[in-house]
Amino acid sequence: MDPNLLRDLSDLCGIEPGYHDIWGRWHETPDRTRLGILAAMGIDTSDEAALRRAAADRAARPFRRGLDPVAVVRAGERPRLELRLPESALGTAYEWVLVEEGGRVRGGRIHPLDLEVVERVETDGRTWARCRFRLPALAGPGRHRLELRPLGALAPRPAPLCLVVTPGACLGPEAVVGGDRVWGLAVQLYGLRSRRNWGIGDFTDLAAVVEWAAGAGADLVGLNPLGLLFPAEPERASPYSPSHRGLLNPLYIDVEAVEELAECAEARGLVSSPAFRGEIDALRRAEFVDYAGVARAKFRVLERLWAHFRRRHLDPPSARGREFFAFCAAGGDELLKAGLFEALAAHLSAASWRAWPPGFRSPDAEGAQAFLERHPDRVAFHLYLQWLAERQLAAVRRRARAAGLRLGLYLDLPVGVDGGGAEAWGDGSCCVPGVGVGAPPDDFNPGGQGWGVVPFDPAALREAGHGPFARVTGANLRRGGVLRVDHVMGLMRLFWVPEGLAPAEGAYVRYPFRELLGVLALESRRHGCVVVGEDLGTVPDEVRAALGPAGVLSYRVLYFEREGDGAFKAPGAYPAGALAVVSTHDLPTLRGWWTGRDIALRERLGLFPDPGLHAAQAAARSADRHRLLEALRREGLAPDGAAATEEVPPWLAVAVHRYLARSAARVFMVQLEDLAGQEDQANLPGTPDRAPNWRRKLPVDLEALRDDPGVRALLEAVDRERRAT
């Protein structure tokens, strides 16, 4: 096989030739990786002739289309667009018709003399001209549809273009909190213990955290991703490998707060029975979240509530029933497809559509449509769950506003979805199930990372006018006041790992960065939500240089904010356009970092391919304890005679949080795990089956944590530092 042909085709498809790792070493993309990615994109890679045909098709596709599928321009600017025509059609005038998002129609003509020919290209057996032209400045931000209609009989009619007019920058925190430096509490919702929940944190627990945070002076409450997971296989618990990012996890529903419970004697009898109460007590006492047990308990009651709701509120529809119907209508095809997916997953006893019979592997397949016709009630049950979850989360948002949280809820958007889940099934044209997203090797993960999610195909995403990205982003932006975009570098490039290869054998694939940033800004302004970009790791300079002007806050973790000599940056050295944290869900808690718990656990699980790496990281952590102690001393936050031994000093948590609260960063988040003194982190990357990831509960219940004098003193100290000028 001609290696140059393979490289040329790879470049046309956005596969990068290689990358520099965190240590600065260059890694060439292997041919087997190129072939695996191309095959996942649906390209025939069987032989050299197939590759040659694919390369010719990719090169000719923009010319056959005429117009790009999407263009993203700033509001107030005259769009500068490209038109590709057969040379024989250069003398043809075109009528342009623009249908704006709100329905207004505008139009005009493009004379041949208006076209600027920038290049002539031989492809697809013809000579083509690449031409540029301008339209008038458009009314306002939105998603518009542009068509060009030839006025000559022999000229081709280009395919329509989605014209995205963007405000250029996301909503900034200053629009909500002025010049204040604010802070909030960061919560892994599933891990909340309380004296009333059913073994997993729920939306009523979240409301209690909101009230607590507001009373302590905070302005936001941060959450793990709340997306739909896999009710048919509830132990698939990672919130960063969801089935659908635009929908909610029904396990967060507080069943006892559902209105139907007061009306349904059968459900009340079940919930109040001694056996059921004993089951709930056991789930509540469990060390880790028993997802299967929680799902069994909640769905037994929710099924009864749904049956009652159908009888009481849908036939004929009550006011509550009409509200449900309105919710379903607003959710449209996407919501219906997700409900159908969940019903099929239960019916076929398989959570992944890739294990289903061929007649069910797409929403339009014969078997899927036949099931929908025969079992509409089973589909509607899952729409009911989404309705309940959305109503309870909306109630928390209202409570946050009433309590005075100016930024409200701070949500999290995962970088991808599980390839066998509802989002990939419902929009299979844009998701790529034959690869996984991950990261190349680094200090924390020497073997690289595979995250168990699939990416969007960048070419298919552009062909769809970035609609899938806009929909899933908008669905999350509308639920909160701040949205964290996980792995924001993915807007420019993502590390794809073909199935069957190790994470270290992956390659980066390019995305239309500026276009996606523009879409993000449009959706941010549309929903009035601030955006944070998680920009950790080896992030290209181009990404960080673009985030600030685009109004996206940077994400700064204490452990990584260092000077050139390894010293911890002073609080004043943090950028104002940032959100600062001590740690994250994928990193050790403050207590675990100080003791080296994470390093010891990696050694015990055999995650160091070279024994020397364990010793090196342990030595580096010891040096870092001394560096952190020195940084605290410089700020007057460490007591005289303090030593950097592995034993955790009682003053450490307050000192470190005061240190970071002094930073110039506009937003600072405090993890509940650090308030509770927890040593183990929420997730240890690279250990999906060897550690209780995404199952760990806080060591104390919410009521006790809220009333703890030490916790109260720490939060009071943080609030004073944040309010200091």
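The values are calculated or read from the model by the stated rules, or taken from the named source; none is laboratory data. As the structure is a computational prediction, the values presented were derived from the model and not from experiment. As a convention, Cβ positions derive from the backbone with ideal geometry for all residues, glycine included, and neighbour counts pool all protein chains shown. Ligands, DNA and RNA are excluded from the accessible area calculation, which covers all protein heavy atoms including side chains. Shrake-Rupley method; radii C 1.70, N 1.55, O 1.52, S 1.80 Å.
General observations
- Residue within segment 47-58 that is in contact with a helix residue (DSSP H, G or I) (Cβ under 8 Å, 6 or more places away or on another chain) and touching a residue at least 60 places away in the same chain (Cβ under 8 Å) present: no
- When Ala351, Ala338, Ala365, Ala370 are screened for being among the hydrophobic types (A, V, I, L, M, F, W, C) and either touching a strand residue (DSSP E or B) at 6+ places or on another chain (Cβ under 9 Å) or under 23 Å from Arg322 (Cβ atoms) (or both), only Ala338 passes.
- Of the residues making up segment 52-76, those that are of a type in the set (Asp, Glu) and either at pLDDT 95 or above or more than 22 Å from Gly42 (Cα to Cα) (or both) number 1.
Let's see how each residue does on (1) among the charged types (D, E, K, R); (2) modelled with pLDDT of 95 or more; (3) under 30 Å from Leu83 (Cβ atoms); (4) in contact with a Pro (Cβ under 8 Å, 6 or more places away or on another chain):
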| residue | (1), (2), (3), (4) |
| --- | --- |
| Leu161 | no, yes, yes, yes |
| Val164 | no, yes, yes, no |
| Pro173 | no, yes, no, no |
| Arg181 | yes, yes, no, no |
| Gly184 | no, yes, no, no |
| Val187 | no, yes, no, no |
| Leu192 | no, yes, no, no |
| Gly199 | no, yes, no, no |
| Phe203 | no, yes, no, no |
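- Qualifying residue in segment 653-663 (condition: in contact (Cβ under 8 Å) with a residue 40 or more places away in the chain, touching a Lys or Arg at 6+ places or on another chain (Cβ under 7 Å), part of a helix (DSSP H, G or I) and open to solvent by less than 10 Å² (accessible area, probe 1.4 Å)): yes
- Sole exception among (1) open to solvent by less than 20 Å² (accessible area, probe 1.4 Å); (2) in contact with a helix residue (DSSP H, G or I) (Cβ under 9 Å, 6 or more places away or on another chain); (3) modelled with pLDDT of 95 or more; (4) of a type outside the set (S, T, N, Q) for Pro458, by number: (2)
- Segment 626-651 - residue that is without any contact (Cβ under 8 Å) to a residue 40 or more places away in the chain and among the aliphatic types (A, V, I, L, M) and, of those, most open to solvent (accessible area, probe 1.4 Å): Ala643
- Within segment 602-625, the set of residues being touching a residue at least 40 places away in the same chain (Cβ under 8 Å), open to solvent by 30 Å² or more (accessible area, probe 1.4 Å) and closer than 20 Å to Thr687 by Cα comprises Leu605, Leu607, Pro609, Asp610, Leu613, Gln617.
- Within segment 323-342, tally of residues that are in contact with a Pro (Cβ under 9 Å, 6 or more places away or on another chain) and either among the hydroxyl-bearing types (Ser, Thr, Tyr) or under 23 Å from Pro234 (Cα atoms) (or both): 5
- Only one entry in Leu270, Leu251 is under 28 Å from Asp418 (Cα atoms) and not in a loop (DSSP other than H, G, I, E, B), namely Leu251.
- Tally of residues being within 26 Å of Arg666 (Cβ to Cβ) and free of Cβ contacts under 8 Å to residues at least 12 places away in the same chain across segment 676-711: 0
- A Cβ distance below 8 Å, combined with a sequence gap of six or more or placement on separate chains, defines the contacts here; from segment 91-111, residues that are hydroxyl-bearing (Ser, Thr, Tyr) reach residues that are open to solvent by 60 Å² or more (accessible area, probe 1.4 Å) in the pairs Thr92/Leu151; Thr92/Leu154; Tyr94/Arg109; Tyr94/Arg149; Tyr94/Leu151.
- Close pairs from segment 425-443: first of a type outside the set (A, V, I, L, M, F, W, C), partner open to solvent by 20 Å² or more (accessible area, probe 1.4 Å) and part of a strand (DSSP E or B), Cβ under 6 Å, at least 6 apart: Gly436/Gly450; Gly438/Gln449; Gly438/Gly450
- Screening Asn445 against (1) crowded, with 23+ Cβ neighbours inside 10 Å; (2) closer than 21 Å to Pro225 by Cβ leaves a single unmet condition, (1).
- Any hit, segment 571-584, residues being of a type outside the set (A, V, I, L, M), assigned to a helix (DSSP H, G or I), modelled with pLDDT of 95 or more and exposed (fewer than 14 other Cβ atoms within 10 Å of the Cβ): yes
- Within segment 319-372, the set of residues being surrounded by fewer than 13 Cβ atoms within 10 Å (Cβ to Cβ) and in a loop (DSSP other than H, G, I, E, B) comprises Ser349, Pro357, Asp364.
- Qualifying residue in segment 288-295 (condition: closer than 26 Å to Asp418 by Cα, open to solvent by 10 Å² or more (accessible area, probe 1.4 Å) and small (Gly, Ala, Ser)): yes
- Scan of segment 683-701 for residues that are more than 15 Å from Trp451 (Cβ to Cβ) and either within 21 Å of the chain's Cα centre (by Cα) or outside any loop (DSSP other than H, G, I, E, B) (or both), ordered by number: Arg695, Arg696
- Among the candidates Gly199, Gly184, Gly191, residue that is surrounded by 18 or more Cβ atoms within 10 Å (Cβ to Cβ), out of contact with any strand residue (DSSP E or B) (no Cβ under 9 Å at 6 or more places or on another chain), of a type outside the set (A, V, I, L, M, F, W, C) and under 30 Å from Leu385 (Cα atoms): Gly199
- Any hit, segment 211-228, residues being farther than 15 Å from Met669 by Cβ, surrounded by 24 or more Cβ atoms within 10 Å (Cβ to Cβ) and touching an Asp or Glu at 6+ places or on another chain (Cβ under 6 Å): no
- Residue within segment 411-434 that is on the phi > 0 side of the Ramachandran plot, assigned to a strand (DSSP E or B) and modelled with pLDDT of 95 or more present: no
- Selection within segment 373-404: residues that are in contact with a strand residue (DSSP E or B) (Cβ under 7 Å, 6 or more places away or on another chain) and either on the phi > 0 side of the Ramachandran plot or among the small types (Gly, Ala, Ser) (or both). The member of this set that is surrounded by the fewest Cβ atoms within 10 Å (Cβ to Cβ) is Ala389.
- Residue match in segment 129-136 (condition: part of a strand (DSSP E or B), in contact with a strand residue (DSSP E or B) (Cβ under 6 Å, 6 or more places away or on another chain) and farther than 28 Å from Ala75 by Cα): yes
- The residues on offer are Gly474, Gly480, and the sole one that is in contact with a Lys or Arg (Cβ under 8 Å, 6 or more places away or on another chain) and in a helix (DSSP H, G or I) is Gly474.
- Restricting attention to segment 529-558 and to residues that are over 18 Å from the mean Cα position of the chain (by Cα), surrounded by fewer than 19 Cβ atoms within 10 Å (Cβ to Cβ) and touching a residue at least 60 places away in the same chain (Cβ under 8 Å), the residue that is farthest from Met489 (Cα to Cα) turns out to be Pro549.
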